[in-house]
1. If you check ILE431, ILE451, which single one turns out to be β-branched (Val, Ile, Thr) and within 30 Å of LYS353 (Cβ to Cβ)?
2. Count, please, the residues in segment 26-40 that happen to be more than 13 Å from TYR440 (Cα to Cα) and either out of contact with any Ser or Thr (no Cβ under 8 Å at 6 or more places or on another chain) or β-branched (Val, Ile, Thr) (or both).
3. Out of (1) under 19 Å from GLY271 (Cβ atoms); (2) not in a loop (DSSP other than H, G, I, E, B), the odd one out for ALA339 is which?
4. Pull out all pairs, ordered by first then second residue, where Cβ-Cβ is under 7 Å, the residues are six or more apart or on different chains, the first lies in segment 193-218 and is in contact (Cβ under 8 Å) with a residue 60 or more places away in the chain, and the second is part of a loop (DSSP other than H, G, I, E, B) and among the hydrophobic types (A, V, I, L, M, F, W, C).
5. I need the full set of residues from segment 4-29 which are in contact (Cβ under 8 Å) with a residue 24 or more places away in the chain and not in a strand (DSSP E or B), in order please.
6. Check PRO210, PRO276, PRO223, PRO244 and return the single one that is closer than 30 Å to ASP438 by Cα and over 21 Å from the mean Cα position of the chain (by Cα).
7. Output the number of the condition that SER303 fails; it satisfies all remaining conditions of (1) part of a helix (DSSP H, G or I); (2) closer than 26 Å to ILE451 by Cα; (3) in contact with a helix residue (DSSP H, G or I) (Cβ under 9 Å, 6 or more places away or on another chain).
8. Answer yes or no as to whether VAL268 is over 19 Å from the mean Cα position of the chain (by Cα) and outside the structural domain of GLU45 (by TED's automatic domain parsing).
Amino acid sequence: MAEEKLLRETFSVCPECGKKIPAKIVESDGKVLMRKHCDEHGDFEDIYWGSAKTYAEYMKWFYTGDGVSNPNTKSTGSCPYDCGLCSNHKSQTILSIIDVTNRCNFNCPICFANANKAGYVYEPSKEQIEEMLDMLASQKPSRNWVVMFSGGEPTVRDDLPELIKMARDKEFFVLIATNGKRMAEDKAFCKKVVDAGLDIAYLQFDGVTPEPYIVARGFNAFPLKTKLLQNFREIGFKGTVLVPTVVKGVNDGQVGDIIRFAFDNIDVVRGVNFQPVSFAGRTDKSKLKERRITIPDLIDRISEQTNGDLSQDDFYPIPVSIPLSKFLMKKGQPWELSAHPMCGASSYIIKTKEGKLKSIPQMVDIKKLMGLLKEANEGKIGRARLAMQLPGIMKPGSMRWGGAKLLSWIKGVFFGDENVRNFQTPDMLFIGMMHFQDKYNLDLERLERCIVHYATPDKRIIPFCTYNNFHRVGVEKDFSRPLSSPPKV
């Protein structure tokens with residue numbers, strides 16, 4: 001039997017009844033497991049993190065933020081059932097989500113929302129959506145700046161361009177989460193959406209062959225994806241992020257091809273944000289062990305499928321950027337990415353003339369850079385000293401791969417007029433991964449630090465994983481209409 005080590009204790013929930021129960025995070029055989037016991041439904045064990053080594057490395061970046069100073073509700077000690085945001089939440093909203101409908105023009109086996117199966121339509125009015133935007137903008141100590149319109153499929157709403165314009169008029173950076181079908185088939189509507197002020201299209205993208213779409217979406221949707229990218233190309237829209245839901249045994253063998261596809265379309269694609277499957281919604285929970293994949297497992301697949309160009313060392317957890325965001329607050333950057341280290345990882349990548357993939361961490365000593373920024377934030381070194389020491393963050397050999405250009409860009413972001421919201425050069429690809437929780441692996445320590453939040457018509461702000469596991473059905477029912485009823489005017 002493998003030697004085991006208790007890493008920490010937390011709280012989770014019973015996957016059967018949803019009751020809050022204690023949980024242990026345990027190292028076993030090089031992996032990290034979650035174990036918990038419900039008096040009524042027995043013992044549960046799930047893989048929490050696929051590598052004990054990277055777990056230890058990521059947890060070095062653990063950070064607790066200050067939360068919001070004007071929470072919507074007070075904590076009753078009943079997390080995860082009393083979301084609001086409550087006064088106990090440790091992070092501000094970085095990405096807000098507004099579900100504008102639960103209708104969809106797909107019928108995916110993997111889904112959080114579905115009007116046909118629910119038997120009702122959830123579709124907030126334009127006035128309700130405006131109220132939600134105003135609520136998000138009122139968050140303190142700094143307002144929320146980024147909103148994603150989601151669903152369901154947001155493009156089934158004919159007034160989506162109006163909603164985008166309304167958000168842009170309120171100075172939001174606007175994303176939509178879309179399967180791409182309507183905008184691929186209706187170029188005129190696609191142009192309306194883009195012209196309204198869309199910044200980023202979060203495009204559901206599960207692979208580069210028919211097979212993963214047939215399993216995950218029920219049919220071969222790949223031609224729709226390429227058609228939409230061509231529409232974007234002809235319109236001049238460059239803000240696509242490919243979003244694969246990664247399922248072990250379904251499309252984890254295509255992650256390298258997806259990255260290569262993104263580089264082949266870098267004129268319209270800015271990044272790839274992998275999402276290891278969450279066993280919530282319509283996902284088949286009987287296949288939990290067969291299909292569960294964690295972030296370090298995903299990075300291993302990327303390494304294997306890029307011939308070792310990328311590895312675990314090329315990716316860092318979200319809170320690594322805390323010293324950077326604190327420094328950039330002086331330039332109007334309001335974000336403090338105080339998510340839990342286990343919530344996600346990311347990197348920026350370039351492709352060399354020889355076709356090799358190189359990451360920023362291969363060119364820049366990230367730990368040294370963040371150490372310098374921390375000293376600057378604490379007043380130990382001034383801006384002039386920081387500028388003088390920046391060349392020292394570049395790793396040997398990096399100049400062969402465009403290091404001089406990268407260093408110039410970094411200086412422009414820190415001291416010049418480069419836009420801090422777009423921290424990447426045109427030839428750079430963002431690679432991220434965000435593992436949302438389900439009732440099997442839910443960790444309240446992570447939940448308290450969530451930075452991706454839903455806004456709801458009852459004037460609440462609810463963390464992503466709480467909403468999809470506990471609150472979605474109740475909110476949608478409270479603000480829904482029967483399928484046969486016309487939309488509210």
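The values are calculated or read from the model by the stated rules, or taken from the named source; none is laboratory data. Values in this document were obtained by computation on a predicted structure and should not be read as measured data. Every residue, glycine as well, gets a Cβ built from its backbone with ideal geometry; the counts of neighbours run over all protein chains shown.
1. None of the others qualify; the one that does is ILE431.
2. If we filter segment 26-40 for residues that are more than 13 Å from TYR440 (Cα to Cα), which is where we start, we get 26-32, 39-40.
Among the residues that remain, those that are also either out of contact with any Ser or Thr (no Cβ under 8 Å at 6 or more places or on another chain) or β-branched (Val, Ile, Thr) (or both) are: 26-29, 32, 39-40.
The number of residues fulfilling the criteria is 7.
3. That leaves (2) as the condition not met.
4. Note: pairs meeting the criteria are VAL215/VAL250; ALA216/CYS108; ALA216/ILE110; ALA216/VAL247; ALA216/VAL250; ARG217/PHE106; ARG217/CYS108; GLY218/CYS108.
5. CYS14, PRO15, GLU16, CYS17, GLY18, ASP29
6. On the way: PRO276 fails: over 21 Å from the mean Cα position of the chain (by Cα); PRO223 fails: closer than 30 Å to ASP438 by Cα; PRO244 fails: over 21 Å from the mean Cα position of the chain (by Cα).
On inspection, the qualifying residue turns out to be PRO210.
7. SER303 satisfies every listed condition except (2).
8. Details: over 19 Å from the mean Cα position of the chain (by Cα): yes; outside the structural domain of GLU45 (by TED's automatic domain parsing): yes.
Yes, satisfied.
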